[in-house]
Amino acid sequence: MSANEKSWAGWATPPRIDESLRAGLAILWRAHICAQDTGANVWDFALRTGRLYEAGMTSSDLRWMIAKGFAEHGEETSGYDDPHRSFRRSNGYFFNNHTCLILTPSGAALAEHVFRETGQSSQATLSALAAVAGETAALINARQGDYETSRPAASALKPRWDATRRELSVTGLIVKRFRVPARNQETILSVFEEEGWAEHIHDPLPVTPDIDAPTRLHDAINRLNRCQINPLLRFHGDGKGTGVFWEPSKP
């Protein structure tokens, strides 16, 4: 019996875990396992609330996990060049676009109990686990009959961001090459690459005092669209100042 299983065995009444909560718990557990496997600080694998909402969790689910001691959360303050992610930790129940969660040892024990007891049989759990590798959107869209007919260009023109060479390309064609630091643009591109070029990401720019976040994001998006060597991509906001979309440029 593992340490987590022993921890779980001491709890009298297991909580009821519905499919939406199960999917989010699976993603958090996978991140926890990855942190342990690499020997990294678990906060380096913390997941944003937006990712958990996309998996089906609600803000009430997140607050329940925190209240029960299954998760901890903090507001990310990391910079693009920082060697490790940094957070402003919180004990409250307020979340924003920069809030990230990790599982506590109790939360990991809960996840281990839930998924090993059920054999990870639910489709929601399988989809959630795949999401950590940035493949959820591709797996789901591949099962949608109208995807190939309505959006063939999105998969055919999947971009690539090379952070070392600081180049954005599509099928080998350079779209942008940064000769000087462009922190906000490079942060956005790095998150898109990390997310497997999902159609949408939440604002990844760190919180900065005295700077209006939506205005800063809007400016970064405009700069991404300018001066493209090969104008193959278009970036745009979500209309709320909280996220970024990408799409192939129309000929």
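The values are calculated or read from the model by the stated rules, or taken from the named source; none is laboratory data. Treat the numbers as computed from the prediction; the structure is a model and nothing was measured. Cβ placement follows ideal geometry from the backbone for every residue including glycine, while neighbour counts extend to all protein chains displayed. Please note that ligands, DNA and RNA were not included when accessible areas were found on the heavy atoms of the full protein model with its side chains. Shrake-Rupley method; radii C 1.70, N 1.55, O 1.52, S 1.80 Å.
The table that follows gives values for the structure above.
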{"quantity": "When residues of segment 210-230 are limited to those that are among the β-branched types (Val, Ile, Thr) and open to solvent by less than 90 Å² (accessible area, probe 1.4 Å), the one farthest from residue 249 (Cα to Cα)", "calculated": "211"}
{"quantity": "Filter pass, residue 221 being outside any loop (DSSP other than H, G, I, E, B) and modelled with pLDDT of 90 or more", "calculated": "yes"}
{"quantity": "All positions within segment 79-89 that are modelled with pLDDT of 85 or more and open to solvent by 50 Å² or more (accessible area, probe 1.4 Å)", "calculated": "85, 88, 89"}
{"quantity": "Residues being outside any loop (DSSP other than H, G, I, E, B) and open to solvent by 50 Å² or more (accessible area, probe 1.4 Å) - total across segment 191-205", "calculated": "3"}
{"quantity": "Conditions (1) surrounded by fewer than 21 Cβ atoms within 10 Å (Cβ to Cβ); (2) more than 21 Å from residue 195 (Cβ to Cβ): number failed by residue 70", "calculated": "(1)"}
{"quantity": "Test: residue in segment 123-138 that is surrounded by 15 or more Cβ atoms within 10 Å (Cβ to Cβ) and at pLDDT 75 or above", "calculated": "no"}
{"quantity": "Among residues of segment 28-54, those that are open to solvent by 30 Å² or more (accessible area, probe 1.4 Å) and either farther than 18 Å from residue 204 by Cα or of a type in the set (Phe, Trp, Tyr) (or both), counted", "calculated": "12"}
{"quantity": "Selected residue (criterion: surrounded by the most Cβ atoms within 10 Å (Cβ to Cβ)) from residues of segment 165-183 that are among the charged types (D, E, K, R) and more than 21 Å from residue 208 (Cα to Cα)", "calculated": "176"}
{"quantity": "Residue count, segment 158-172 (criterion: in a strand (DSSP E or B) and either without any contact (Cβ under 8 Å) to a residue 12 or more places away in the chain or farther than 16 Å from residue 247 by Cα (or both))", "calculated": "3"}
{"quantity": "Any hit, segment 223-241, residues being closer than 23 Å to residue 86 by Cβ and either touching a Leu at 6+ places or on another chain (Cβ under 8 Å) or of a type outside the set (A, V, I, L, M) (or both)", "calculated": "no"}
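Condition check ((1) modelled with pLDDT under 90; (2) surrounded by 14 or more Cβ atoms within 10 Å (Cβ to Cβ); (3) outside any helix (DSSP H, G or I)) across all residues:
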| site | (1), (2), (3) |
| --- | --- |
| 115 | yes, yes, no |
| 185 | no, yes, no |
| 189 | no, yes, no |
| 207 | yes, yes, yes |
